[in-house]
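Everything on this sheet refers to the single structure shown next.
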Amino acid sequence: MEYDFVPLPKRLPLKWPNDKRVALILTFNLETWDLTKDTDKPYYAGGPSILPDTLPGNVADFPNFTWREYGQRVGIWRMIDLFDKLGVPASCTTNAVTFERRKDMCDAVLERGWELIAHNWEQGELLTGFAHDRAKEREVVLRTLDTFEKYTGRKSKGWLSSSLRGTLQTADILAEYGCLFYCDIMNDDQPYLLRTPNGPIVSTPYSNEINDFTFITRKNYTTDQFRDALIEELEVLYEEGEHSMRTMNVGLHPHVSGRAHRIRALREFLEYAKSLPGVWFPKREEIAEWYLQNHEKHIPGQLGESKQG
């Protein structure tokens, strides 16, 4: 995988369909962790723990496991109820094991016609563990994508790695499979093309900055501070989007945003977003398909010959 460094002032202005200014993507992460791992090393369960002093993987850590499991049992349904009431769709990522262990969440997404995206095999298994073993990484990625297709009846058009820990070869493998977009490269407010030996793939960035885990769990934001940060981010992007389109991804975790005392932040942010006529709530798939048709009007020459090809 490779991409060109093209700073914002050197790009052409580009408009979303129907002159929308901001593509707002609300990403629910439907993640599932193993309770234990066959290791005596600390278990990084797809993110920092709620309690310090992480236990070895082969010891059950019920405070941290059940903290996350609250999102599957309660939090996700609170979030789905809110989005249903407001008529707003979510773009959801899911680990392959979620289809077997927590299938109700995936079924709820599919029943609503929301977007569902492959998100690794299991949340505690990071692709960086296979950074020097392309064959093993390819086996994990393709096994995940095949399981996704088995349970949904269609191929996943894109991918988000667990904890955003992809490798130099992840995008290449995804393009080989026919995926249209990749979410791990978080360096922009606009889509652009990544070159791979198997053809281009669209970068549709996720965000670990505009993210409930970062705001609330790492920075200890209050409900009001979380809401205000989301609104301010959108306000600036909306103003900039009058000249050239922008994307805004909001990363959401049911065990974080789905708590009763935090759901108000999402409700008030979404009410504000819906009041702006230039906000678009697309699927990433729609963004990728549109951008593949329009990238030359934005950053000409992105399909230059790959040095790896």
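The values are calculated or read from the model by the stated rules, or taken from the named source; none is laboratory data. Quick caveat: nothing in here was measured; it's all calculated off a predicted structure. Neighbour counts run over all protein chains shown; Cβ positions are idealised from the backbone, glycine included. These accessible areas exclude ligands, DNA and RNA; they are computed on the full protein's heavy atoms, side chains included. Shrake-Rupley method; radii C 1.70, N 1.55, O 1.52, S 1.80 Å.
Under 5 Å from the amide H of H255 lie the amide H atoms of G71, each residue being 5 or more positions distant or on a separate chain, with H modelled from the backbone and absent for Pro and chain starts. Pairwise Cα separations in the chain fall into 20 Å bins from 0 onward with the following percentages, short to long: 33, 60, 7. In the assembled protein chains, R246 presents an accessible area of approximately 20 Å² (probe radius 1.4 Å).
Per residue, the solvent-accessible area of the chain (1.4 Å probe, heavy atoms of protein chains only, all protein chains present) comes to 44 Å². What you get for the chain, charging only the Cβ of Lys and Arg (+1) and of Asp and Glu (-1), is a dipole of about 320 debye around the Cα centre.
Diffusion coefficient (Stokes-Einstein, Kirkwood radius over C-alpha pairs, 4 °C, 1.567 mPa s) for region 1-55: 77 µm²/s, rounded to a whole number. The charge dipole of region 11-167, taken about its Cα centre with unit charges on the Cβ atoms of Lys, Arg (+1), Asp and Glu (-1) only, comes to about 760 debye. On region 129-182, 49 percent of the accessible area sits on carbon and sulfur atoms, based on a 1.4 Å probe. Most tightly packed first, judged by the mean number of other beta-carbon atoms within 10 Å of their residues, the peptides 20-27, 81-88 read 20-27, 81-88. P(r) tail for region 59-207: Cα pairs beyond 22 Å make up 43% of the total. Using the Kirkwood radius over C-alpha pairs as Rh, can you work out the diffusion coefficient of region 11-147 via Stokes-Einstein at 10 °C, viscosity 1.306 mPa s, in µm² per second? Calculated translational D: 93 µm²/s. Applying D = kT/(6 pi eta Rh) to region 161-206, where Rh is the Kirkwood radius over alpha-carbon pairs, T corresponds to 10 °C and eta to 1.306 mPa s, the Stokes-Einstein value obtained is 151 µm²/s. In plain terms, the chain from T128 to N220 could stretch by 30.3 nm, reckoned as 0.36 nm per residue minus the Cα-Cα distance. Taking the protein heavy atoms of region 188-280 in the context of the full set of protein chains, the accessible area attributed to carbon and sulfur is 44 percent at 1.4 Å. Using equal-weight Cα scatterers in the Debye expression, the normalised intensity of region 206-265 in log10 at q = 0.16, 0.19 Å⁻¹ is -0.51, -0.68.
Its residue count N sets the reference 2.2 N^0.38 Å, and the alpha-carbon radius of gyration of region 165-309 equals 1.17 times that reference.
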